[in-house]
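The values are calculated or read from the model by the stated rules, or taken from the named source; none is laboratory data. Bear in mind that the values here come from a model prediction, so they are computed numbers and not experimental data. Cβ atoms come from the backbone with ideal geometry, glycine included; neighbour counts cover every protein chain shown.
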Amino acid sequence: LIGFRDGMRGLAENRFTELDSAALSGILTVGGTILGTSRDKVHKMMVDGKPRNMIDTIRKNYEKDELDALVCLGGGGTAKNAKRLSDAGMNVMTLPKTIDNDLVGTDRTFGFATALEIATDAIDRLHSTAHSHHRIILTEIMGHRAGWLALGAGIAGGADVILLPEVPYNVESIAETIKRRRAGGSNFSVIAVAEGARSVADAAELAAAEALVKEADSPEGRDAAKQHRRAVEASHRAHTFALASQLEAATGLESRVSILGYVQRGGIPCGRDRQLATLLGTAGADLVSQGVFGVMVAAKGEQAVPVPLEEVAGRVRYVPTDHPWIRAAKEVNTGFGD
Ligand code: F6P
């Protein structure tokens with residue numbers, strides 16, 4: 001068993017280390033990855049300042065190292081990379097590891113439960129200042145384009161308002177929720193804001209940019225449309241701070257922002273994540289022995305099952321707007337800004 005350093009970059013550069021029992025001993029309690037990681041794309045890797053397709057190089061390394069299988073741990077980007085390598089003829093499998101919980105085909109991803117605990121703890125702690133200083137505190141929670149983490153932690157931490165990418169918000173509606181709470185004697189509010197949450201206007205702008213990507217009929221047109229979409233996304237990035245000012249003006253309550261950032265992604269993994277990683281990892285090893293490839297090992301109920309990579313790669317599992325978590329949150333008077 002060997003582990004490539006720094007994800008796809010190490011695979012392209014053939015940098016690996018042996019994963020014997022001494023190397024693996026004690027890592028159950030360690031966050032991050034002992035191997036290092038990278039955000040590289042196998043078909044567009046920056047080499048000497050230029051994007052290069054490294055799939056052939058990777059295949060040569062795969063052959064030279066006499067690999068039986070390549071097991072890739074990660075989220076959406078990893079699934080796309082893995083699918084490309086699988087299409088190029090390599091025996092590839094993925095395990096769903098992301099705090100975002102946004103992979104299609106699996107009920108859960110490992111990393112999510114730990115991040116949920118951290119974000120919940122943060123909301124608990126933010127309540128102290130919100131309550132004592134009579135403030136609105138907006139806390140921005142990761143999750144990329146999906147709202148699972150903000151929704152889960154928002155419910156668990158008793159956030160008064162939860163803003164999700166899947167439910168575009170109106171500032172007036174959020175302000176109404178806060179004013180209603182004040183009328184009921186609570187002159188503070190904690191708002192869990194998913195990093196991908198957007199106002200109705202911003203969501204419409206992004207949807208238009210996404211439509212251009214879908215409609216593009218040439219590779220150049222597609223690249224230009226993607227660049228435009230990235231610019232639109234970047235222009236929305238500071239929305240939590242803008243929203244704080246708008247809510248302060250609309251309610252008269254002082255507003256503050258706390259971005260949780262990478263704190264959510266670090267530290268000791270919780271028991272549920274260790275259990276899930278062990279379940280999926282061992283199932284993955286069995287599937288490798290059986291010669292099952294081109295799949296992600298998914299959690300379905302209590303079982304680990306293989307799901308074809310083509311059903312996973314390039315897709316995002318958003319929170320359905322009729323999800324039971326949203327219904328439950330609404331029943332305890334949580335606002336969604338809709
Ligand atoms: O996918 C995990 C995640 O933490 C997302 O929630 C977030 O959008 C992104 O990664 C941040 O990426 P980076 O580490 O490249 O800043």
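Some observations on this one:
- If you filter region 31-47 down to residues that are within 16 Å of the ligand (Cβ to nearest atom) and part of a strand (DSSP E or B), you find that the one that is surrounded by the most Cβ atoms within 10 Å (Cβ to Cβ) is Met45.
- Qualifying residue in region 54-63 (condition: under 24 Å from Gly89 (Cα atoms) and not in a helix (DSSP H, G or I)): yes
- When we screen Asp160, Asp124 for residues that are under 11 Å from Ala329 (Cβ atoms), among the acidic types (Asp, Glu) and out of contact with any Asp or Glu (no Cβ under 7 Å at 6 or more places or on another chain), the only hit is Asp160.
- Index of the failed condition, Asp223 passing every other in (1) more than 16 Å from the ligand (Cβ to nearest atom); (2) under 20 Å from the mean Cα position of the chain (by Cα); (3) closer than 26 Å to Glu195 by Cβ; (4) among the acidic types (Asp, Glu): (2)
- Residue within region 1-18 that is within 16 Å of the ligand (Cβ to nearest atom) and surrounded by fewer than 18 Cβ atoms within 10 Å (Cβ to Cβ) present: yes
Results for (1) within 24 Å of the chain's Cα centre (by Cα); (2) within 25 Å of Val104 (Cβ to Cβ); (3) surrounded by fewer than 17 Cβ atoms within 10 Å (Cβ to Cβ), shown as yes or no for each residue.
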{"site": "Val257", "(1), (2), (3)": "yes, no, no"}
{"site": "Gly261", "(1), (2), (3)": "yes, no, yes"}
{"site": "Gly267", "(1), (2), (3)": "yes, no, yes"}
{"site": "Leu276", "(1), (2), (3)": "yes, yes, no"}
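So that you can scan it fast, the table gives a plain yes or no per residue for (1) of a type in the set (D, E, K, R); (2) within 18 Å of Val257 (Cβ to Cβ); (3) assigned by TED's automatic domain parsing to the domain that holds Ala197:
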{"residue": "Asp124", "(1), (2), (3)": "yes, yes, yes"}
{"residue": "Thr139", "(1), (2), (3)": "no, yes, yes"}
{"residue": "Leu149", "(1), (2), (3)": "no, yes, yes"}
{"residue": "Tyr169", "(1), (2), (3)": "no, yes, yes"}
{"residue": "Ile178", "(1), (2), (3)": "no, yes, yes"}
{"residue": "Arg182", "(1), (2), (3)": "yes, no, yes"}
{"residue": "Ser186", "(1), (2), (3)": "no, no, yes"}
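- Top-ranked residue in region 97-152 [being in a strand (DSSP E or B) and farther than 15 Å from Arg265 by Cα; ranked as nearest to the ligand (Cβ to nearest atom)]: Thr139
- Only one of Thr98, Thr106 that is more than 24 Å from His236 (Cβ to Cβ), assigned by TED's automatic domain parsing to the domain that holds Leu70 and of a type in the set (Ser, Thr, Tyr): Thr106
- Filter result (assigned to a loop (DSSP other than H, G, I, E, B) and in contact (Cβ under 8 Å) with a residue 60 or more places away in the chain) within region 226-263: Leu253, Glu254, Leu260
- When region 295-308 is filtered for residues that are surrounded by fewer than 18 Cβ atoms within 10 Å (Cβ to Cβ) and not β-branched (Val, Ile, Thr), the ones remaining, listed by number, are Lys300, Gly301, Glu302, Gln303, Pro308.
- Per the listing Gly335, Gly301, Gly284, the residue uniquely at positive phi and out of contact with any His (no Cβ under 6 Å at 6 or more places or on another chain) is Gly301.
- Given (1) in a loop (DSSP other than H, G, I, E, B); (2) surrounded by 21 or more Cβ atoms within 10 Å (Cβ to Cβ); (3) among the small types (Gly, Ala, Ser), index of the condition Ala192 fails: (1)
- Count of region 49-96 residues which are away from the ligand (no atom under 16 Å from the Cβ), among the small types (Gly, Ala, Ser) and under 22 Å from His144 (Cβ atoms): 0
- When Asp124 is tested against the conditions (1) of a type in the set (Asp, Glu); (2) surrounded by fewer than 20 Cβ atoms within 10 Å (Cβ to Cβ); (3) in contact with a Ser or Thr (Cβ under 6 Å, 6 or more places away or on another chain), the lone failure is (3).
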